[in-house]
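Read the structure below first, then the notes.
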Amino acid sequence: MTGVKFGYLIEPPFNYLLADGTVTGCDVELAKGILAQIGESNFRPVQTEFAELLPGLASGRWRMTTGLFATEERKKIAIFSRPIWALADGLLVRRGNPKSLTGYRAIAGNGNALVAVIRGQVQHDAAVQFGVPTARIRIFETYGDAAKAIAQGAVDAYASVARAHVAFSEQNPELNLEIVRIAAAEKEPAFGCFAFARHDDAFRQAVDRALEEYLGSAAHRAMMARFGFGDMEVDPVAG
């Protein structure tokens, strides 16, 4: 079967499953639409865990991944599209924020605060850079596992992108969670990009050309609005 395999993980609003098993989300819909524009109408999403996204590119399990922060370390093993969104970090905490955590510095300064991160995500590096001791960092493989740890009181905060936390808490109101947005003064919003295997630059360039025309258009803004994104997230990446 021909087509483009797209590596993704369950992390609303970027990628998630509807009740009937259909894969959707802003990254899924953007990738599907852009690929159709360049003549690749057979979109084949493949669910995985975060730590497998880039190794999966290298081994040929998929040809493109959901949006990732294009760090210098990741650029050693993959190539990236132009940015597709700009997002700030946030903390997922229990309702009432019992330990009054406002960001990475607050976690570092509270000797009893435990923070959850996903293996390989940039928020792990951020926690370390802001002085959170390794002994107080708990590493999980999936968003769901980390969020469950918050709900059960096993950790005090889960660091990821704020938009993902908003989507998760809206879909799971019974868990009584809330979101703390990390101020830009502490950590600036970062750009996310689709990732590709290093040998696949011609494909990346074709995707970029289509993205340049589409990002910031009325159709793009309407699609992103369906998943809770506004001009603040779209304007920085508009073509």
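Which residues, taken from region 80-137, are part of a loop (DSSP other than H, G, I, E, B), at pLDDT below 95, of a type outside the set (Gly, Ala, Ser) and within 27 Å of residue 224 (Cβ to Cβ)? First the steps, then the outcome.
Step one: of region 80-137, the residues part of a loop (DSSP other than H, G, I, E, B) are 81-84, 88, 95-103, 110-114, 119-121, 130-133.
Filter again for at pLDDT below 95, leaving 88, 119-121.
So of that shortlist, the ones also of a type outside the set (Gly, Ala, Ser) come out as 119, 121.
Result: 121, single match.
Which of the residues spanning region 51-76 are modelled with pLDDT of 95 or more, open to solvent by 60 Å² or more (accessible area, probe 1.4 Å) and part of a loop (DSSP other than H, G, I, E, B)?
Within region 51-76, 61, 63 meet the criteria.
Starting from region 64-91, keep only residues that are farther than 23 Å from residue 16 by Cα, then list their pairs with residues that are part of a strand (DSSP E or B) and modelled with pLDDT of 95 or more whose Cβ atoms are within a distance under 6 Å, requiring at least 6 positions of separation or different chains.
Going by the 6 Å Cβ cut-off, the qualifying pairs are 78/195; 79/196.
Please verify whether region 140-147 includes one or more residues that are without any contact (Cβ under 8 Å) to a residue 12 or more places away in the chain and within 18 Å of the chain's Cα centre (by Cα).
To start, the set of residues in region 140-147 that are without any contact (Cβ under 8 Å) to a residue 12 or more places away in the chain comprises 145.
If we keep only those that are within 18 Å of the chain's Cα centre (by Cα) too, we end up with 145.
Checked against the condition, which is being without any contact (Cβ under 8 Å) to a residue 12 or more places away in the chain and within 18 Å of the chain's Cα centre (by Cα), region 140-147 yields at least one hit.
If we keep just the residues of region 32-50 that are in contact with a strand residue (DSSP E or B) (Cβ under 8 Å, 6 or more places away or on another chain) and assigned to a helix (DSSP H, G or I), which is most open to solvent (accessible area, probe 1.4 Å)?
Step one: list which residues in region 32-50 are in contact with a strand residue (DSSP E or B) (Cβ under 8 Å, 6 or more places away or on another chain), which gives 32, 35-36, 40, 42-48, 50.
With the extra rule that they be assigned to a helix (DSSP H, G or I), the set shrinks to 32, 35-36, 50.
Values: 32: 80, 35: 0, 36: 59, 50: 26 Å².
Among those that are in contact with a strand residue (DSSP E or B) (Cβ under 8 Å, 6 or more places away or on another chain) and assigned to a helix (DSSP H, G or I), it is 32.
Would you confirm whether any residue within region 123-137 is within 24 Å of residue 175 (Cα to Cα) and in contact with a helix residue (DSSP H, G or I) (Cβ under 7 Å, 6 or more places away or on another chain)?
Yes - at least one qualifying residue is present in region 123-137.
Determine which single condition residue 212 fails, assuming it passes every other condition in (1) among the charged types (D, E, K, R); (2) under 25 Å from residue 121 (Cα atoms); (3) touching a residue at least 40 places away in the same chain (Cβ under 8 Å).
(2)
Out of the residues in region 1-17 meeting the condition of being more than 20 Å from the chain's Cα centre (by Cα) and at pLDDT below 95, tell me which one is surrounded by the most Cβ atoms within 10 Å (Cβ to Cβ). If you could, list the steps in order and put the result at the bottom.
If we filter region 1-17 for residues that are more than 20 Å from the chain's Cα centre (by Cα), which is where we start, we get 1-4.
Narrowing further to those that are at pLDDT below 95: 1-3.
Details: 1: 5, 2: 6, 3: 12.
Ranking the candidates gives 3 first.
Could you tell me which residue of region 220-238 is surrounded by the fewest Cβ atoms within 10 Å (Cβ to Cβ), considering only residues that are touching a residue at least 40 places away in the same chain (Cβ under 8 Å) and assigned to a loop (DSSP other than H, G, I, E, B)?
228
Among the numbered criteria (1) closer than 30 Å to residue 156 by Cα; (2) of a type in the set (D, E, K, R); (3) open to solvent by 50 Å² or more (accessible area, probe 1.4 Å), which one does residue 186 miss?
Only one criterion in (1) closer than 30 Å to residue 156 by Cα; (2) of a type in the set (D, E, K, R); (3) open to solvent by 50 Å² or more (accessible area, probe 1.4 Å) is unmet by residue 186, namely (3).
Would you call residue 181 under 29 Å from residue 128 (Cα atoms) and in contact (Cβ under 8 Å) with a residue 24 or more places away in the chain? Walk me through how you get there before you give the answer.
Working: under 29 Å from residue 128 (Cα atoms): yes; in contact (Cβ under 8 Å) with a residue 24 or more places away in the chain: yes.
Against the criterion (under 29 Å from residue 128 (Cα atoms) and in contact (Cβ under 8 Å) with a residue 24 or more places away in the chain), residue 181 qualifies.
When you go through (1) open to solvent by 10 Å² or more (accessible area, probe 1.4 Å); (2) over 22 Å from residue 190 (Cα atoms); (3) out of contact with any Asp or Glu (no Cβ under 8 Å at 6 or more places or on another chain) one by one for residue 98, which number turns out not to apply?
(3)
Tally time: how many residues in region 139-163 are assigned to a helix (DSSP H, G or I), touching a Gly at 6+ places or on another chain (Cβ under 8 Å) and either of a type outside the set (D, E, K, R) or open to solvent by less than 20 Å² (accessible area, probe 1.4 Å) (or both)?
First pass over region 139-163, keeping only residues assigned to a helix (DSSP H, G or I): 143-151, 162-163.
Among the residues that remain, those that are also touching a Gly at 6+ places or on another chain (Cβ under 8 Å) are: 162-163.
Subsequent filtering for residues that are either of a type outside the set (D, E, K, R) or open to solvent by less than 20 Å² (accessible area, probe 1.4 Å) (or both) retains 162.
Matching residues across region 139-163 total 1.
Before we move on, is residue 20 at pLDDT 95 or above, open to solvent by 20 Å² or more (accessible area, probe 1.4 Å) and not polar (S, T, N, Q)? Give the steps one after another, and end with the answer.
Numbers: at pLDDT 95 or above: yes; open to solvent by 20 Å² or more (accessible area, probe 1.4 Å): yes; not polar (S, T, N, Q): yes.
Spelling it out, residue 20 is indeed at pLDDT 95 or above, open to solvent by 20 Å² or more (accessible area, probe 1.4 Å) and not polar (S, T, N, Q).
The values are calculated or read from the model by the stated rules, or taken from the named source; none is laboratory data. This structure is a prediction, so every number in the text was calculated from the model and none was measured. Neighbour counts are summed over all protein chains in view; Cβ atoms, including those assigned to glycine, are modelled from backbone coordinates with ideal geometry. We work out accessible area using only protein heavy atoms, side chains counted, and drop any ligands, DNA or RNA first. Shrake-Rupley method; radii C 1.70, N 1.55, O 1.52, S 1.80 Å.
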